[in-house]
Structure formats: C-alpha cells, structure tokens
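Peer 1: This is the structure I have questions about; it appears just below.
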Amino acid sequence: MAKHPQLKRLFNRKYDGIVEAVHLTSAGKIEWVRAYERRGPTWSDHVLLDRKTLIKRLKSGKRFFTGKRIENMASEFVVSEAIKLVKSSKGEVIVTNGIEANKDYLANTPLI
C-alpha cells in the first residue's frame with residue numbers, strides 16, 4: 001500500500017482527467033481549465049482545455065475530477081470531487097458532484 005497518507009483516496013478510482021484550476025468569465029462561466037489528462041498508463045503535463053472541449057470530453061463519457069498533482073510523485077494526485085455536466089434553466093452547466101447550480105461551479109478548485 002502507499003506510504004503517502006493522501007494516496008489512500010486514489011486507489012480503485014478510475015478517471016480520465018484531473019482539473020487543477022479554473023478560469024471564469026465575468027459572467028461566471030468556465031472559460032478554460034488547467035488539467036491533466038490520462039495518456040494510457042501515464043498522465044500528460046498540464047493542458048489548458050476551453051469550455052467547449054471540456055464539455056465535449058464529458059459528453060463522450062470521460063470522467064474528470066477536481067484535484068491536484070502531488071509534488072514529486074509523478075502521476076499521483078489528490079482527488080476531490082467528480083465533475084458533472086448538468087442541464088439547468090440556463091442551459092448546460094459544469095459542476096462538481098452534488099452541487100445544484102445555475103452557473104458553472106467547481107467546488108474547492110482554485111481560480112486563475
């Protein structure tokens with residue numbers, strides 16, 4: 001088992017991407033996110049995904065979570081919440097699991 005205490009949460013989770021930070025427009029919509037994407041058995045360097053690309057990935061069945069990379073631990077992350085695409089009265093919004101909102105909201109994710 002992992003010796004790092006935060007790694008216990010990571011085992012048995014399957015995900016395709018980790019969103020580390022988010023940039024919002026003045027209207028509160030996600031403009032882009034800084035993320036890491038799974039590339040087979042390893043992970044990409046950080047990438048910038050615009051809102052349209054993130055929505056496309058979520059609709060295709062990719063599983064994204066909020067979190068951050070553990071320093072000096074290569075492909076290990078502290079994972080927080082699942083990211084979901086939901087319909088609201090104002091259209092599609094991107095939120096973390098369990099949040100009901102009328103605009104994009106990724107809980108506990110730093111804003112850039």
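Peer 1: Specify the residue that is surrounded by the most Cβ atoms within 10 Å (Cβ to Cβ); the eligible residues are those in the stretch 22-44 that are in contact with a strand residue (DSSP E or B) (Cβ under 7 Å, 6 or more places away or on another chain) and over 19 Å from residue 101 (Cα atoms).
Peer 2: Filtering first and then ranking leaves 35.
Peer 1: Given (1) among the small types (Gly, Ala, Ser); (2) over 18 Å from residue 106 (Cβ atoms); (3) touching a residue at least 24 places away in the same chain (Cβ under 8 Å), identify the lone condition not met by residue 21.
Peer 2: Every condition holds for residue 21 apart from (2).
Peer 1: Mind checking which residues of the stretch 78-112 are in a loop (DSSP other than H, G, I, E, B) and either among the aliphatic types (A, V, I, L, M) or touching a Leu at 6+ places or on another chain (Cβ under 6 Å) (or both)?
Peer 2: Correct list: 99, 101, 106, 107, 112.
Peer 1: Mind checking which residues of the stretch 29-77 are of a type in the set (Asp, Glu) and not in a strand (DSSP E or B)?
Peer 2: 45, 71, 76
Peer 1: State which residue is surrounded by the most Cβ atoms within 10 Å (Cβ to Cβ) when the search covers only the stretch 45-84 and only residues that are more than 19 Å from residue 110 (Cα to Cα) and of a type in the set (A, V, I, L, M).
Peer 2: Looking at residues that are more than 19 Å from residue 110 (Cα to Cα) and of a type in the set (A, V, I, L, M), I get 58.
Where a number appears in this text, it was derived from the coordinates with a stated rule and is not lab data. Bear in mind that the values here come from a model prediction, so they are computed numbers and not experimental data. Don't worry about glycine lacking a Cβ; one is built from the backbone with ideal geometry, like all the others, and counts go over all protein chains shown.
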